[in-house]
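K.L.:
To start, I am sharing the structure in question, which I have written as structure tokens.
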Amino acid sequence: MAGLATTFGSGAMTNSNNDLLGANCIFSIGSNTTETHPVIGFNIKKATRSGAKLIIANPRHIELVRYADIWLQHTPGSDVALLMAMMKIILKEGLHDNSFIMQRCENFKPFKQSLDDFDLTTAETITGVPLGQIVEAARMYAQNGPSAILYAMGITQHSHGTDNVIAIANLAMLTGNIGKPGSGVNPLRGQNNVQGACDMGSLPNVCSGYQKISEPSIKQKFNVAWGINLPTEEGLSITEMIDSILQGRIKALYLIGENPILSDPDAGHVRKALSTIEFFVAQDIFINESVELAHVVLPGTSFAEKDGTFTNTERRVQRVRKAIDPIGYSRPDWLITCQIAQRMGAKGFDFEQPSQIMDEIAKVTPSYGGISYKRLDKGGLQWPCPDLKHPGTSILHTQQFTRGKGRFMPLRYKPPAELPDKDYPMMLTTGRNLFQFHTGTMSRKVAGLNSFKGEEEVEIHPKDAERLFLNNGDKVKVISRRGEITARIKISEASSPGVIFMTFHFAESPTNILTNPALDPISKIPELKVCSVKISKI
Amino acid sequence: MNYLRLNINSREIKVKPGTTVLQAAQASGTYIPTLCADPDLKPHGGCRLCIVEVKGMRNMPTACTTIVSEDMVVNTETEAVHKERRSVIDLIIADHPMDCLTCIKNQRCELQDVAAYLGITERNLPRTIKQKPIDDSNPFFTFNHNYCILCQRCTRTCDEITGVNAIEIINRGYNSKVSTFGDKPLMESICKSCGECVARCPVAALVAKNSIMPTSKIETTCPYCGVGCMMELGIRNGKIVSVEGSRSSQANNGRLCVKGRYGIADFVQHPERLVQPLLRKSNTLIETSWEEALNIVAQKLSAYSGDQIAVIASAKCTNEDNYIVQKFARSVLGTNNIDHCARL
Ligand code: SF4
Ligand code: SF4
């Protein structure tokens, strides 16, 4: 979420789940909300029933298109061009919020300059959306405030994902749609506790609460709190770790609760790294494609067998409570890590209860400073919650931005790292399905969910199917520069011609063998949403 | 805030403007029987059980659709009201199976509650025998039309709460029933299996499969997506046997999707769960003790310098798990090589 950190000073969702009900216009881009965040999907539909306008920008015909006033079916990877065109129109027609820009923001001139250099007919060509529709969407968003923007992985999983996010932030600032009810920039986090894992500092450059390791005062603070000498050199991101393992520099890996072979791009590469590393310890609740390569496997418990907290997409910290005893001899993850640490002679890992861990988190993390289990027993709290009296924060940036002034950033459209060509003529875009989850570790263990979607399907437009002589249910090979997989065809008008769609829930058809590990230079997020492929019948 | 005063059964109460008579009665602890009202749905006035007498009104209005006005005088328990309610319930139970003792909803059935309140002890109308087909197509719940009382809570839920509109009332009069577009089985419809309708069915028409009554409940947070719905897990004999949306959380206000409602117990209690530490010996993973596993991990990790080690934490684990892991990486292993799959 580097884009929002640059422009606003905080990468989190600015408003709240229920706040959407107060929006007069909802602009959803790169999110298939009813499939990936179903209960927020309910709120969007509810808002439209009470008169809110809905703009959907998505390359596919998703369920929410049925409820939308405008559907912009833009080419995968053309988001920046689409958003720049909307902003140019808003400025041209004088629909921007001048006083907000003057009082609350900075760096407007260079940003405006970057729009001057951008031409609307090019936008039409790049996005494949008729200019008239873009104009209509721009007016609808700007004139029906408060307007809320929602986005998800369809925006971030690109080699220029940070630019996409910055473009969204610019659009919200331009129209003053920040810091008030019903407005905001709302990234929907995929997994249940992505927000919390980031907040807690499971990141290579920050400790809990986004406290930068590179800052001497922060380093000093943790040196004192933990009684150690904090390493100053920034760490590696997952994708960099994998390269580093293959280069022989990283020799040991401690993997908890993930399956990078299915979730990361260029799966063949990841598998090779995990099979050649010197020492690999995995901690999980099931054996999966990655765990089975480990030297030592430690059984963790599921959420139902431990106490703790999750932080949801709207920054709400809520209790997880132990409902049943650990299955078999499994142990809570925090306890396992503490036991390893203690065996390595470390101090500061002698916790008896997760509530004590939360007390330490509150002590060293300003945004969690007022959070305790005692308070959480009365209901969740949204951070920032700096002290015990603070009620939590449902809307960010109300008086000023976290970084002070909102910073406009000039933009230039860059195409995806890999575009269709003679050898790989089609675009593959990936996403999720309502009935399965992520790499399927949990959801594929549920028989009922499998009866809805039990195997991968390649969604292909009827025109392409006809051209390739394919019928519904035919088995095909999907081939990219990195590998190939087999799956069945599902003919559907959901995608546009030339674009196929797959999920990544299924180990038998590991879609991420195909995807491109090209990284966004700032967020280090790989380009999972667009790559070039060809299809052949088997 | 200005309040309105009204009188219910000779008791004076104060409510906010816009309150319905039903809400006013409920807030003051006065029971009015109803089968179609639901706090999350718009007033419907369909079952007509909540009729009351209001001074100055000639017909008996339904309490759920009548908005309180200043100095209203309401009587919920007159002879006329009772007689009318009785004839409503007689019609409903005329074609209700009444196999209560063996019914899955026994003691959790709102029709039983209403019948008991009205003192129903026998059928007044002749039984209308009709056997309707049961829709068993959905893996998580059954639709048994024989129990359906046509209160329309489910169809209104699928419209007002989920916006899916998978089910509606088809046909008219005696042949009315709840069905999908084209009268197809649920599995072939656009139904998303969220179970919001099941959660609101007052009788045993829409019921979850494999659901038994829990002996205790505990509130926790869904482990699937970032919405963060809170839920109550029902526990019986050390196992999760039911899941309900928790109304106390602002993240979901009681609502859940299919994964949260029906996708928990099967994975938590799956036979393939890892139950014991494993150690690779001559290239196969074999079971070992915690003692040995932890010692090996501690010993091996100690042998590397910080920049030779990487840690991948998890967006599925709790905040406390993640805090401990990053503290471990930074303070014990001596590396900032820690990440999780947020990026993905
Ligand atoms: S389960 Fe959900 S989608 Fe299906 S009929 Fe019921 S409310 Fe509608
Ligand atoms: S119940 Fe559904 S919408 Fe709610 S957190 Fe779980 S997966 Fe997400």
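The values are calculated or read from the model by the stated rules, or taken from the named source; none is laboratory data. In this text the structure is predicted, and so the values were computed from the model without any measurement. When we count neighbours, we look across all protein chains shown, and the Cβ atoms used for this are built from the backbone with ideal geometry, even at glycine. Accessible surface areas use protein heavy atoms only, side chains included; no ligands, DNA or RNA. Shrake-Rupley method; radii C 1.70, N 1.55, O 1.52, S 1.80 Å.
K.L.:
Given the structure, is A:R139 buried (at least 19 other Cβ atoms within 10 Å of the Cβ), of a type outside the set (S, T, Y) and within 18 Å of A:I168 (Cα to Cα)?
P.N.:
Against the criterion (buried (at least 19 other Cβ atoms within 10 Å of the Cβ), of a type outside the set (S, T, Y) and within 18 Å of A:I168 (Cα to Cα)), A:R139 does not qualify.
K.L.:
Do we find that A:P216 is crowded, with 24+ Cβ neighbours inside 10 Å and more than 7 Å from chain B (Cβ to nearest Cβ) in this structure?
P.N.:
Spelling it out, it is not the case that A:P216 is crowded, with 24+ Cβ neighbours inside 10 Å and more than 7 Å from chain B (Cβ to nearest Cβ).
K.L.:
Of the residues A:I538, A:I500, A:I522, A:I491, which single one is open to solvent by less than 30 Å² (accessible area, probe 1.4 Å), more than 25 Å from A:K445 (Cα to Cα) and among the hydrophobic types (A, V, I, L, M, F, W, C)?
P.N.:
A:I500
K.L.:
A further question follows. Filter the range B:163-192 down to the residues that are within 14 Å of ligand 1 (Cβ to nearest atom), in a loop (DSSP other than H, G, I, E, B) and free of Cβ contacts under 8 Å to residues at least 60 places away in the same chain and list them by number.
P.N.:
B:G163, B:V164, B:N165, B:A166, B:K184, B:P185, B:S189, B:I190, B:C191
K.L.:
Would you check which residues across the range A:510-519 are within 11 Å of chain B (Cβ to nearest Cβ) and crowded, with 22+ Cβ neighbours inside 10 Å and list them?
P.N.:
Scanning the range A:510-519 gives A:N512, A:T515.
K.L.:
Out of B:C225, B:C154, B:C191, which single residue is open to solvent by less than 20 Å² (accessible area, probe 1.4 Å) and either within 16 Å of ligand 2 (Cβ to nearest atom) or within 14 Å of another protein chain (Cβ to nearest Cβ) (or both)?
P.N.:
Exactly one of B:C225, B:C154, B:C191 is open to solvent by less than 20 Å² (accessible area, probe 1.4 Å) and either within 16 Å of ligand 2 (Cβ to nearest atom) or within 14 Å of another protein chain (Cβ to nearest Cβ) (or both), namely B:C225.
K.L.:
Continuing with the same structure: If we keep just the residues of the range A:331-372 that are basic (K, R) and facing chain B (nearest Cβ under 8 Å), which is surrounded by the fewest Cβ atoms within 10 Å (Cβ to Cβ)?
P.N.:
Restricting attention to the range A:331-372, the residues satisfying the condition of being basic (K, R) are A:331, A:343, A:347, A:363.
Of the ones still in play, those that are also facing chain B (nearest Cβ under 8 Å) are A:331, A:343.
Numbers: A:R331: 22, A:R343: 18.
My answer is A:R343.
K.L.:
Among residues belonging to the range B:230-264 that are in a loop (DSSP other than H, G, I, E, B) and open to solvent by less than 10 Å² (accessible area, probe 1.4 Å), point out the one that is nearest to ligand 2 (Cβ to nearest atom).
P.N.:
That would be B:L256.
K.L.:
Now, a different point. Can you tell me which of B:Y117, B:Y147 is out of contact with any strand residue (DSSP E or B) (no Cβ under 6 Å at 6 or more places or on another chain) and open to solvent by 80 Å² or more (accessible area, probe 1.4 Å)?
P.N.:
Working: B:Y147 fails: open to solvent by 80 Å² or more (accessible area, probe 1.4 Å).
Of B:Y117, B:Y147, the one residue that is out of contact with any strand residue (DSSP E or B) (no Cβ under 6 Å at 6 or more places or on another chain) and open to solvent by 80 Å² or more (accessible area, probe 1.4 Å) is B:Y117.
K.L.:
Another question, if that's okay. Given the criteria away from ligand 2 (no atom under 16 Å from the Cβ), within 7 Å of chain A (Cβ to nearest Cβ) and either more than 25 Å from A:H438 (Cβ to Cβ) or without any contact (Cβ under 8 Å) to a residue 24 or more places away in the chain (or both), does B:R273 qualify? Steps first, answer last, please.
P.N.:
Details: away from ligand 2 (no atom under 16 Å from the Cβ): yes; within 7 Å of chain A (Cβ to nearest Cβ): yes; either more than 25 Å from A:H438 (Cβ to Cβ) or without any contact (Cβ under 8 Å) to a residue 24 or more places away in the chain (or both): yes.
Against the criterion (away from ligand 2 (no atom under 16 Å from the Cβ), within 7 Å of chain A (Cβ to nearest Cβ) and either more than 25 Å from A:H438 (Cβ to Cβ) or without any contact (Cβ under 8 Å) to a residue 24 or more places away in the chain (or both)), B:R273 qualifies.
K.L.:
Checking the conditions here, which among B:A298, B:A293 is surrounded by 23 or more Cβ atoms within 10 Å (Cβ to Cβ), among the aliphatic types (A, V, I, L, M) and either more than 7 Å from chain A (Cβ to nearest Cβ) or not in a loop (DSSP other than H, G, I, E, B) (or both)?
P.N.:
Answer to the check: B:A293.
K.L.:
Can you name every residue in the range A:239-265 that is in a loop (DSSP other than H, G, I, E, B), under 15 Å from B:A313 (Cβ atoms) and touching a residue at least 60 places away in the same chain (Cβ under 8 Å)? Step through it out loud before you land on a result.
P.N.:
Just the residues of the range A:239-265 that are in a loop (DSSP other than H, G, I, E, B), to begin with: A:247-251, A:257-259, A:264-265.
Subset that is under 15 Å from B:A313 (Cβ atoms): A:257-259, A:264.
Matches in the range A:239-265: A:G257, A:N259, A:D264.
K.L.:
Write out, first by first residue and then by second, each pair whose Cβ atoms fall under 7 Å of each other, whose residues are 6+ apart or on separate chains, and whose first residue, in the range A:469-494, is in contact (Cβ under 8 Å) with a residue 24 or more places away in the chain while the second is among the β-branched types (V, I, T) and open to solvent by 60 Å² or more (accessible area, probe 1.4 Å).
P.N.:
Matching pairs, first to second residue: A:K475/A:I538; A:V476/A:I538; A:K477/A:I538; A:T486/A:I538.
K.L.:
Shifting gears a bit: Kindly establish whether A:T7 is within 14 Å of another protein chain (Cβ to nearest Cβ) and touching a residue at least 40 places away in the same chain (Cβ under 8 Å).
P.N.:
no
K.L.:
I'd like the full set of residues that are more than 12 Å from A:A494 (Cα to Cα) and among the charged types (D, E, K, R), limited to the range A:50-65.
P.N.:
Scanning the range A:50-65 gives a single hit, A:K53.
K.L.:
Among the numbered criteria (1) more than 26 Å from A:N15 (Cα to Cα); (2) assigned to a helix (DSSP H, G or I); (3) touching a residue at least 40 places away in the same chain (Cβ under 8 Å); (4) not aromatic (F, W, Y), which one does A:A167 miss?
P.N.:
Unmet for A:A167, out of (1) more than 26 Å from A:N15 (Cα to Cα); (2) assigned to a helix (DSSP H, G or I); (3) touching a residue at least 40 places away in the same chain (Cβ under 8 Å); (4) not aromatic (F, W, Y): (1).
K.L.:
Go through the range A:373-390 and count every residue that is away from chain B (no Cβ under 12 Å) and open to solvent by 20 Å² or more (accessible area, probe 1.4 Å).
P.N.:
Number satisfying all stated conditions: 8.
K.L.:
Now for a separate question. If you check B:G18 against the conditions, is it on the phi > 0 side of the Ramachandran plot, open to solvent by 40 Å² or more (accessible area, probe 1.4 Å) and assigned to a loop (DSSP other than H, G, I, E, B)? If you could, list the steps in order and put the result at the bottom.
P.N.:
Values: on the phi > 0 side of the Ramachandran plot: yes; open to solvent by 40 Å² or more (accessible area, probe 1.4 Å): yes; assigned to a loop (DSSP other than H, G, I, E, B): yes.
Yes: the conditions hold for B:G18.
K.L.:
Before we move on, is B:S216 within 14 Å of another protein chain (Cβ to nearest Cβ), over 18 Å from B:R255 (Cβ atoms) and away from ligand 2 (no atom under 16 Å from the Cβ)?
P.N.:
So B:S216 passes the test.
K.L.:
If I ask for residues that are open to solvent by 20 Å² or more (accessible area, probe 1.4 Å) and touching a helix residue (DSSP H, G or I) at 6+ places or on another chain (Cβ under 8 Å), which ones from the range B:159-188 would you list?
P.N.:
Passing the criteria: B:E160, B:N165, B:E168, B:I169, B:I170, B:K177.
K.L.:
Next question. Which residues, taken from the range B:232-252, are within 16 Å of ligand 1 (Cβ to nearest atom) and of a type in the set (A, V, I, L, M, F, W, C)?
P.N.:
Of everything in the range B:232-252, just one residue is within 16 Å of ligand 1 (Cβ to nearest atom) and of a type in the set (A, V, I, L, M, F, W, C), namely B:V243.
K.L.:
If we keep just the residues of the range A:219-237 that are touching a residue at least 60 places away in the same chain (Cβ under 8 Å) and facing chain B (nearest Cβ under 7 Å), which is farthest from B:D307 (Cα to Cα)?
P.N.:
Going through the qualifying residues, I end up with A:W226.
K.L.:
Identify all residues within the range B:301-316 that are touching a Pro at 6+ places or on another chain (Cβ under 9 Å) and open to solvent by 10 Å² or more (accessible area, probe 1.4 Å); write none if there are none.
P.N.:
Answer for the range B:301-316, where residues must be touching a Pro at 6+ places or on another chain (Cβ under 9 Å) and open to solvent by 10 Å² or more (accessible area, probe 1.4 Å): B:G306, B:D307, B:K316.
K.L.:
Please find, within the range A:238-265, the residue that is most open to solvent (accessible area, probe 1.4 Å) out of those that are facing another protein chain (nearest Cβ under 8 Å) and of a type in the set (D, E, K, R).
P.N.:
Once the filter is applied, the top-ranked residue is A:R249.
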